[in-house]
1. With angles folded into 0 to 90 degrees, how steeply does helix 35-46 sit against the dominant principal axis of the chain? Use alpha carbons for both and round to 10.
2. Shape of region 1-73 from its Cα gyration tensor (a ≥ b ≥ c, root eigenvalues): rounded if a/c is under 1.5, otherwise prolate when a/b > b/c, or oblate?
3. From the list (i) 18.0; (ii) 17.0; (iii) 17.5, can you say which value of Kirkwood radius over Cα pairs in Å was derived from the structure given?
4. How much length, in nm to one decimal, is gained on full extension between residue 32 and residue 133, taken as 0.36 nm per residue of separation minus their Cα-Cα distance?
5. Give me the distance in nm between label points sitting 7 Å out from Cα along the Cα-to-Cβ direction at residue 116 and residue 171, one decimal.
6. With point charges of +1 on the Cβ of Lys and Arg and -1 on the Cβ of Asp and Glu, referenced to the Cα centre of region 1-126, which listed residue (100, 1, 82) lies farthest in the positive direction of the dipole?
7. I want the local charge near residue 113. Using Cβ-Cβ distances under 12 Å, sum +1 for each Lys or Arg and -1 for each Asp or Glu among the other residues.
8. Just check region 33-101 against the gyration tensor rule for me: Cα atoms, a ≥ b ≥ c as the square roots of the eigenvalues, rounded for a/c under 1.5, and otherwise prolate or oblate depending on whether a/b exceeds b/c.
Amino acid sequence: FFKDQDITGHKPHKVTRLGIGRTFQLVKPFEELNVLDNVAIGLMYGKGISNVNKAKRKAKEILEFVNLAEKSDILADELTLADRKRLEIARALSTGPKLLLLDEVFAGLNEAELKQAVELIFKIRQQMGVTIFMVEHVLSTIMNTCERIIVLNFGQKLAEGSPGEVANDPKVI
């Protein structure tokens, strides 16, 4: 359910238009397109902007927001992993989500990249007012990023609460 509406079985584009954006664990940009065009496509199909120039202008704003504006002309397959993950977030943001699902957005990042990624998550929440739901295994970042944590073990809820509550739960330990 999303906003009291059962979305079971809805096609991805309909879920997107309801206000749910998502990233993938394995980043999947359009590798043969540049960074700007990757985000513009999300605006055109996710937000329904039919004017290419308008979509590119808005894409530049989103790339500025995620700190990728200087790489807008680079092909997506030439980006580092950290930049590809930021591009994945930019593409999800281009759909104008109210709820953003992040699938292992911190995986594979070094300490400096993790810090930047965490800052971006806070920026999205604070400046855009987007609710973020993360699936993540990098516990240090989860503990510093999330207000509420649910721990799953083989698909069953093991614990739920604040970071402090979950970290001290004997079942989690």
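The values are calculated or read from the model by the stated rules, or taken from the named source; none is laboratory data. Bear in mind that the values here come from a model prediction, so they are computed numbers and not experimental data. As a convention, Cβ positions derive from the backbone with ideal geometry for all residues, glycine included, and neighbour counts pool all protein chains shown. Areas reflect the complete protein model, heavy atoms only, side chains present, ligands, DNA and RNA absent. Shrake-Rupley method; radii C 1.70, N 1.55, O 1.52, S 1.80 Å.
1. Taking the Cα atoms of the chain, the angle to 35-46 is about 80 degrees.
2. Prolate.
3. Computed from the coordinates, Kirkwood radius over Cα pairs in Å corresponds to (ii).
4. Values: separation 101, 0.36 × 101 = 36.36 nm, distance 2.95 nm.
Roughly 33.4 nm would be gained on extension.
5. Going by the 7 Å Cα→Cβ label model, 3.9 nm.
6. 1
7. Cβ neighbours under 12 Å give a net charge of +1.
8. Oblate, because a/c is 1.5 or more while a/b does not exceed b/c.
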